[in-house]
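Chemist: Starting off with a structure, shown below.
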Amino acid sequence: MDSEERDRFVESWGSMGILWGINRSMARIHALLLISEKPVDAEAIGESLNISRGNVSMCLKELRNWGVVQRVNLSGERKDYYQTEPDTWNMLYRIAVGRKTREFDPALHALRHLMAETDTSSSKNVHERLTQIEEILTTLDHVIARFLESESGSKTMLDFIRHLSPK
């Protein structure tokens with residue numbers, strides 16, 4: 001892969017990182033690891049992406065917390081090396097679970113708390129809007145929870161949906 005194509009992918013993936021709730025540096029590091037044939041050490045990641053050593057370290061730690069990057073030891077090497085989760089579906093499943101836990105669930109909880117603690121009866125429009133949002137988010141919560149019930153079940157559902165969509 002030539003460096004221009006590599007850079008374009010890394011930057012595009014970096015911009016897309018916000019969609020799954022991570023910052024641009026984390027997404028760029030993840031992109032670099034996705035297209036690397038072999039595990040990469042933190043120093044090489046920083047040099048390749050022009051990111052400080054501290055930022056690389058923090059991003060790798062967070063990517064490991066998400067479960068999408070693994071630290072590996074190479075025989076005869078003293079440095080830690082990193083690679084992406086080798087199973088792409090497993091990686092995407094972990095991202096989906098993380099997003100639901102970190103973002104969706106707290107937002108739904110906050111909405112329900114607001115509705116329980118605030119009297120919106122004086123404003124019919126506000127009450128209707130909040131009720132509609134809560135109903136829609138509750139339905140989505142049930143669908144997402146069902147989809148994320150198990151990794152293998154999610155993959156089966158996705159395969160089914162993929163076969164329904166035009167090629």
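The values are calculated or read from the model by the stated rules, or taken from the named source; none is laboratory data. Note that the coordinates shown come from a computational prediction; the quantities given were computed from them, not determined experimentally. Note: ideal-geometry Cβ built from the backbone for every residue, glycine included; neighbour counts use all protein chains shown. For accessibility, only protein heavy atoms count, side chains too; no ligands or nucleic acids. Shrake-Rupley method; radii C 1.70, N 1.55, O 1.52, S 1.80 Å.
Chemist: Please pick out the residue among Thr138, Thr118 that is in contact (Cβ under 8 Å) with a residue 24 or more places away in the chain, polar (S, T, N, Q) and out of contact with any strand residue (DSSP E or B) (no Cβ under 9 Å at 6 or more places or on another chain).
Modeler: Just a single option satisfies the conditions, and that option is Thr138.
Chemist: Is it the case, given these coordinates, that Arg71 is touching a residue at least 24 places away in the same chain (Cβ under 8 Å), among the basic types (Lys, Arg), over 25 Å from Glu5 (Cβ atoms) and out of contact with any His (no Cβ under 7 Å at 6 or more places or on another chain)?
Modeler: So Arg71 does not fit the description; no.
Chemist: Can you give me the ranges of the helices (runs of 4 or more DSSP H) entirely in the stretch 34-100 with at least 1 residues that are open to solvent by 60 Å² or more (accessible area, probe 1.4 Å) and within 30 Å of Thr138 (Cβ to Cβ)?
Modeler: Here the list reads 53-66, 88-99.
Chemist: So how many residues does the stretch 1-27 have that are open to solvent by 30 Å² or more (accessible area, probe 1.4 Å) and assigned to a helix (DSSP H, G or I)?
Modeler: Here the count works out to 15.
Chemist: Can I ask one more? Kindly provide the set of residues from the stretch 119-149 that are among the polar types (S, T, N, Q), open to solvent by less than 90 Å² (accessible area, probe 1.4 Å) and in a helix (DSSP H, G or I), ordered by number.
Modeler: Once the filter is applied, which keeps residues that are among the polar types (S, T, N, Q), open to solvent by less than 90 Å² (accessible area, probe 1.4 Å) and in a helix (DSSP H, G or I), the stretch 119-149 yields Thr131, Thr138, Thr139.
Chemist: Turning to a different aspect of this structure: Please go through the stretch 101-118 and pick out each residue that is open to solvent by less than 80 Å² (accessible area, probe 1.4 Å) and among the β-branched types (Val, Ile, Thr).
Modeler: Thr118
Chemist: I'm trying to understand the selection: among the residues of the stretch 101-118, which are part of a helix (DSSP H, G or I) and farther than 30 Å from Asp159 by Cβ?
Modeler: Residues satisfying the conditions are Pro106, His109, Ala110, Leu111, Arg112, His113, Leu114, Met115, Ala116, Glu117.
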